[in-house]
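Chemist: Once you've had a glance at the structure underneath, I'll fire off some questions.
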Amino acid sequence: MLPVAIHKRVYIITVCIITLLMILFAVTTIRSVEQLYRDKEAQELMTMAAVLGQRLPPSVGKVLSTPEFSIMPEHERRAALERDCQPVLDEMTATHPGYSMGYYFDSLKVIAVAPVRSNVSGSNISYPSLTDYVPRVLTVPYIENDESWDRQPRFTLTYPLLADGNRVGHVWVSVKMENIEKQVRRNAGWQIAGVWILWSILLLLMRSIFNKMDKTLALLAQEIQEGSEHPDGINQFPQLIPVLNTVTALRANLQSELQKKERMDQEIARLDRMQLISQMAAGVAHEIRNPMTVVMGFVQMMAQKAEEKAKTNFAIIMDELKRVNEIISDFLSLARNKDFERRKQQLNEIISSLHPLIYTDTVKQGLDFVLQLEEPLPEVYVDGKEIKQLILNLTRNAIEAMGEEKGMLMLKTSHNKGQVELCISDTGCGISQDMLDKVFDPFFTTKAEGTGLGLAVCKNIVEHHHGTMQVQSMQGQGTTFLIRFPAAK
């Protein structure tokens with residue numbers, strides 16, 4: 001479940017990153033909107049100030065240029081200019097409510113303002129005059145002793161004032177910052193609502209995608225745990241394909257090693273049993289064979305002197321004694337570790353020498369016999385007598401397995417990759433799958449009168465020739481023994 005845990009952590013980290021980006025986007029957007037409204041308001045103030053400058057009555061210039069004006073008392077000069085300027089301001093204020101504006105003359109300070117305040121005239125506004133003709137935008141958060149600005153932050157713009165081509169002062173226009181902030185807050189509310197809706201949609205979309213990925217990864221992990229080499233969801237995560245291939249290879253190697261270990265354990269157990277049987281057979285077989293020889297001799301003597309009716313019984317006794325002797329020989333075959341007389345021989349020649357005997361046995365049982373010998377066949381280092389015993393044991397087992405029913409016995413030779421192969425197959429009753437692993441164990445047999453030593457002896461012969469022996473069988477379809485010997489160099 002490790003990939004799922006990582007997947008959830010990625011989901012949480014992604015949500016946090018998107019949330020931070022959304023917050024940053026909202027803050028940046030609000031600041032951009034605020035600056036946009038400031039620029040828009042500055043343009044409006046610029047337009048209004050320019051209009052006020054253009055609407056300055058021509059009489060103002062004449063009044064300022066007359067010699068009599070300079071010798072008039074200050075309050076008379078102020079009143080003369082105010083009569084001409086105040087109507088212009090009142091008209092502009094009527095069409096632009098919420099704005100404050102006024103005319104400022106360098107020699108007389110404030111001449112006229114709108115909207116009109118009771119104590120504005122004659123007040124000394126701490127506001128610098130323009131020294132050039134380039135308008136400036138200034139933000140004045142607070143101006144002391146200036147009730148005309150309501151002691152509130154304002155957004156103010158000044159504009160040079162000309163009369164007859166000469167600069168005589170400036171005009172100023174201002175608006176409360178509160179008006180701009182209201183518009184910004186209103187727009188910010190919509191911006192935040194839009195960002196929240198977008199964030200919610202993205203969150204739901206991501207949750208849906210990650211939930212789907214979560215289920216896919218969970219199913220993928222389950223299929224991998226169950227050993228599937230090609231899970232259905234792996235194509236959605238191509239980055240995991242190399243990992244899956246590695247896991248599959250490791251699992252295959254592990255299974256192969258476990259199978260090797262299991263076969264090795266079985267082989268060790270079989271060798272232990274064989275060793276025990278060898279020790280028993282070496283002592284018991286000789287102890288039994290010696291008395292058996294004496295018994296067989298006396299039975300033969302008695303059979304020669306017996307009447308004709310009794311000779312049949314003596315013949316049965318001799319057959320059974322021979323059968324016991326064969327069992328003892330099988331014991332000795334398992335017990336002795338003699339050196340085989342191996343030499344280069346043609347496996348086909350050994351089989352051909354046994355062909356008449358095997359053919360006779362199959363004909364007696366009414367069976368078909370098929371012989372397929374590959375030519376040319378590499379030579380092998382074998383003991384001819386032991387190989388004959390191997391082939392006869394396997395063919396007679398096959399004939400007994402087919403019984404009286406019609407069937408076919410086939411011997412086939414071939415060679416492959418430096419090995420000579422001998423295949424003996426029949427169409428008999430077959431062996432059940434749960435017994436296949438036990439067929440080479442000593443004393444294991446499915447026959448009513450079998451000793452269970454025949455296949456153990458065959459296995460022993462093959463291994464002494466550095467070969468391998470395998471069996472394949474299906475119950476009711478037959479059995480095949482495949483023996484491989486290394487080709488002689």
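Chemist: Applying the selection to the stretch 312-359, what residues are of a type in the set (Asp, Glu), at pLDDT below 70 and closer than 23 Å to ALA487 by Cα?
Modeler: Within the stretch 312-359, ASP339 is the sole residue that qualifies.
Chemist: So, ARG38, is that one closer than 23 Å to LYS176 by Cα and modelled with pLDDT under 80 or not? Even if it seems obvious, please write down each step before you answer.
Modeler: Working: closer than 23 Å to LYS176 by Cα: yes; modelled with pLDDT under 80: yes.
Yes: the conditions hold for ARG38.
Chemist: Same structure again: Out of the residues in the stretch 367-376 that are under 18 Å from ILE424 (Cα atoms) and surrounded by fewer than 19 Cβ atoms within 10 Å (Cβ to Cβ), state the one that is modelled with the lowest pLDDT. Quick ask: steps written out before the conclusion?
Modeler: The initial filter retains those residues of the stretch 367-376 that are under 18 Å from ILE424 (Cα atoms), namely 367-375.
Then keep just the ones that are surrounded by fewer than 19 Cβ atoms within 10 Å (Cβ to Cβ); that gives 368-375.
Details: ASP368: 90, PHE369: 91, VAL370: 91, LEU371: 91, GLN372: 91, LEU373: 91, GLU374: 90, GLU375: 87.
Residue satisfying both the conditions and the ranking: GLU375.
Chemist: Now for a separate question. Return the total of residues in the stretch 20-58 being under 22 Å from GLY165 (Cβ atoms) and either among the basic types (Lys, Arg) or within 59 Å of the chain's Cα centre (by Cα) (or both). Full working, then the answer.
Modeler: First, pick out the residues of the stretch 20-58 that are under 22 Å from GLY165 (Cβ atoms): 46, 49-58.
Going one step further and asking which of them are either among the basic types (Lys, Arg) or within 59 Å of the chain's Cα centre (by Cα) (or both), we end up with 55.
Residues that pass the stated criteria total 1.
Chemist: Also, I was wondering about something else. Just one of GLY428, GLY476 is modelled with pLDDT under 90, under 21 Å from LEU392 (Cβ atoms) and of a type outside the set (A, V, I, L, M); which is it? Even if it seems obvious, please write down each step before you answer.
Modeler: Numbers: GLY476 fails: under 21 Å from LEU392 (Cβ atoms).
The match here is GLY428.
Chemist: Of all residues in the stretch 401-424, count the ones that are crowded, with 17+ Cβ neighbours inside 10 Å and either over 18 Å from HIS465 (Cβ atoms) or of a type in the set (A, V, I, L, M) (or both).
Modeler: 10
Chemist: Within the set of pairs 6+ apart or on separate chains, which have a first residue in the stretch 148-163 that is assigned to a loop (DSSP other than H, G, I, E, B), a second that is at pLDDT 70 or above, and C-beta atoms under 8 Å apart?
Modeler: Correct list of pairs: ASP150/LYS176; GLN152/LYS176; GLN152/MET177; GLN152/GLU178; PRO153/LYS176; PRO153/MET177; PRO153/GLU178.
Chemist: Let me ask another. When you go through ASP265, ASP272 one by one, which is the residue that is modelled with pLDDT of 80 or more and loosely packed, with under 11 Cβ neighbours inside 10 Å? So that I can check it myself, show each step before the final result.
Modeler: Details: ASP272 fails: modelled with pLDDT of 80 or more.
After ruling out the rest, the residue left standing is ASP265.
Chemist: Look at ASP90 and say whether it is crowded, with 18+ Cβ neighbours inside 10 Å and either in a helix (DSSP H, G or I) or touching a residue at least 40 places away in the same chain (Cβ under 8 Å) (or both).
Modeler: Working: crowded, with 18+ Cβ neighbours inside 10 Å: no; either in a helix (DSSP H, G or I) or touching a residue at least 40 places away in the same chain (Cβ under 8 Å) (or both): yes.
When the stated conditions are applied, ASP90 does not pass them.
Chemist: Restricting to the stretch 67-81, name every residue that is outside any helix (DSSP H, G or I) and exposed (fewer than 11 other Cβ atoms within 10 Å of the Cβ).
Modeler: Step one: list which residues in the stretch 67-81 are outside any helix (DSSP H, G or I), which gives 72-73.
Selection gives PRO73 alone.
Chemist: Look at the stretch 368-425 and say how many of its residues are of a type in the set (A, V, I, L, M) and assigned to a helix (DSSP H, G or I).
Modeler: So in the stretch 368-425, the residues of a type in the set (A, V, I, L, M) come out as 370-371, 373, 377, 380, 382, 387, 390-392, 394, 398-399, 401-402, 408-411, 420, 422, 424.
Filter again for assigned to a helix (DSSP H, G or I), leaving 387, 390-392, 394, 398-399, 401-402.
Of the residues in that region, 9 qualify.
Chemist: Report yes if VAL420 is in the same structural domain as GLU375 (by TED's automatic domain parsing), at pLDDT 90 or above and under 49 Å from the mean Cα position of the chain (by Cα), otherwise no.
Modeler: Working: in the same structural domain as GLU375 (by TED's automatic domain parsing): yes; at pLDDT 90 or above: yes; under 49 Å from the mean Cα position of the chain (by Cα): yes.
Considered against the rule, which asks whether it is in the same structural domain as GLU375 (by TED's automatic domain parsing), at pLDDT 90 or above and under 49 Å from the mean Cα position of the chain (by Cα), VAL420 comes out as yes.
Chemist: Between ILE483, ILE461, which is in contact with a Cys (Cβ under 9 Å, 6 or more places away or on another chain), closer than 26 Å to GLU341 by Cβ and crowded, with 16+ Cβ neighbours inside 10 Å?
Modeler: Numbers: ILE461 fails: in contact with a Cys (Cβ under 9 Å, 6 or more places away or on another chain).
From the options ILE483, ILE461, the qualifying one is ILE483.
Chemist: Name every residue in the stretch 93-115 that is under 12 Å from VAL173 (Cβ atoms) and in a strand (DSSP E or B), in order of residue number.
Modeler: Here is the first cut: in the stretch 93-115, the residues under 12 Å from VAL173 (Cβ atoms) are 93, 96, 98-104, 113-114.
Answer for the stretch 93-115, where residues must be under 12 Å from VAL173 (Cβ atoms) and in a strand (DSSP E or B): TYR99, SER100, MET101, GLY102, TYR103, TYR104, VAL113, ALA114.
The values are calculated or read from the model by the stated rules, or taken from the named source; none is laboratory data. A quick note: this is a predicted structure, and the numbers were derived from the prediction, not measured. We place every Cβ from the backbone using ideal geometry, glycine too, and count neighbours over all the protein chains shown.
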